[in-house]
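Visitor: Sharing a structure below in structure tokens format, with a few things to ask.
The values are calculated or read from the model by the stated rules, or taken from the named source; none is laboratory data. The structure presented is a predicted model; accordingly, all values stated were derived computationally and were not measured. Because the Cβ atoms are built from the backbone with ideal geometry, glycine has one as well, and the counts that use them run over all protein chains shown.
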Amino acid sequence: MRTAIVRIAVAAALLTGTARADEAWMTTSSYRPDQTLWILNWEIAGPIGSFANYIDSTSLRGFSLEGRSFVSKNVSVGLSFSWNRFEQSFDKVSIPITNGTATGPVYRYSDMFGIRGLAHYYFSTGALQPYVGVGIGGAWGYAYQQTADLSNSQSNFNFIVDPEVGLLYVLAKGGTNAALNVAFRYTYTTATVGREKDASTLSGIVGIAFGY
């Protein structure tokens, strides 16, 4: 009888140990970020470099949506989508056309849609959280130009990379965190706009972030 009881106890202990090992394996292998941030930004962007030869006015029409997951206390990775529109009217511009040149008022606009993978490093975990980051991905660009009844357009998909510096100012902490996001971003693309290559911009960004 005692032998049977001992055997049952040993078997129960082995089963319990196996279950705990399985549970530990499941816990360590599953991905659970420390926190996830969703950020909606308003972007004020200005063309620079060769892009400014095509349109040189600052754009107030832009936004971006970001998702960032913290893989450690100071590092997050994620994805972002952005849209910016640049437009300008010129009183008198000479543009090449078939068999000659046309001179007159010109209207131009360009749309930039970007999708990127993100990585950020945060220097603090307090109420003020300065950070640096970079996004790498692709951008679809569309450009349109019209003078009188003559018009042309072009579109292409290109490489995009944009380093940025920013600051999260935590407004509220709890089950859901809220923060103000302020950043400056340099965006480089291999996009061709008109006859200008490698369209690039500088952006000022203000947004609201929610953390879960």
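Visitor: Checking the condition under 22 Å from the mean Cα position of the chain (by Cα) and farther than 26 Å from residue 69 by Cβ, which residue from 183, 199 passes? Explain how you work it out, then say what you get.
Guide: On the way: 183 fails: farther than 26 Å from residue 69 by Cβ.
Exactly one residue qualifies, and that residue is 199.
Quick grid of which residues meet (1) within 16 Å of the chain's Cα centre (by Cα); (2) surrounded by fewer than 17 Cβ atoms within 10 Å (Cβ to Cβ); (3) over 30 Å from residue 108 (Cβ atoms); (4) free of Cβ contacts under 8 Å to residues at least 40 places away in the same chain:
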{"site": "125", "(1), (2), (3), (4)": "no, yes, yes, no"}
{"site": "145", "(1), (2), (3), (4)": "no, no, no, no"}
{"site": "163", "(1), (2), (3), (4)": "yes, yes, no, yes"}
{"site": "189", "(1), (2), (3), (4)": "yes, no, no, no"}
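Visitor: Further question on the same structure: Spot the failing condition for residue 94; the list is (1) under 30 Å from residue 39 (Cβ atoms); (2) touching a strand residue (DSSP E or B) at 6+ places or on another chain (Cβ under 8 Å), and only one is missed.
Guide: (1)
Visitor: Would you point out the residue of segment 72-102, among those that are modelled with pLDDT of 95 or more and aliphatic (A, V, I, L, M), that is nearest to the chain's Cα centre (by Cα)?
Guide: Per the criteria, the residue is 79.
Visitor: Follow-up. Is at least one residue of segment 57-74 in the same structural domain as residue 150 (by TED's automatic domain parsing), buried (at least 18 other Cβ atoms within 10 Å of the Cβ), closer than 17 Å to residue 142 by Cα and among the basic types (Lys, Arg)? Full working, then the answer.
Guide: Within segment 57-74, the subset in the same structural domain as residue 150 (by TED's automatic domain parsing) is 57-74.
Imposing the further condition that a residue be buried (at least 18 other Cβ atoms within 10 Å of the Cβ) reduces the set to 59, 62, 64, 66, 68, 70.
This time we only want the ones that are closer than 17 Å to residue 142 by Cα, so: 59, 62.
If we keep only those that are among the basic types (Lys, Arg) too, we end up with none.
Scanning segment 57-74 turns up no residue that is in the same structural domain as residue 150 (by TED's automatic domain parsing), buried (at least 18 other Cβ atoms within 10 Å of the Cβ), closer than 17 Å to residue 142 by Cα and among the basic types (Lys, Arg).
Visitor: A further question on this structure: Would you check if there is a residue in segment 53-60 being modelled with pLDDT under 95, among the hydrophobic types (A, V, I, L, M, F, W, C), more than 17 Å from the chain's Cα centre (by Cα) and over 18 Å from residue 207 (Cα atoms)?
Guide: The answer is no, given that none of the residues of segment 53-60 is modelled with pLDDT under 95, among the hydrophobic types (A, V, I, L, M, F, W, C), more than 17 Å from the chain's Cα centre (by Cα) and over 18 Å from residue 207 (Cα atoms).
Visitor: May I pose another question? Could you list, in sequence order, all residues of segment 45-76 that are on the phi > 0 side of the Ramachandran plot and assigned to a strand (DSSP E or B)? Steps first, please.
Guide: Residues of segment 45-76 that are on the phi > 0 side of the Ramachandran plot, as a first pass: 49.
If the condition is that a residue be on the phi > 0 side of the Ramachandran plot and assigned to a strand (DSSP E or B), then no residue fits.
Visitor: Separate question: Say whether the condition of being in contact with a Ser or Thr (Cβ under 9 Å, 6 or more places away or on another chain), of a type outside the set (Ser, Thr, Tyr) and touching a residue at least 60 places away in the same chain (Cβ under 8 Å) is met by at least one residue in segment 88-105.
Guide: no
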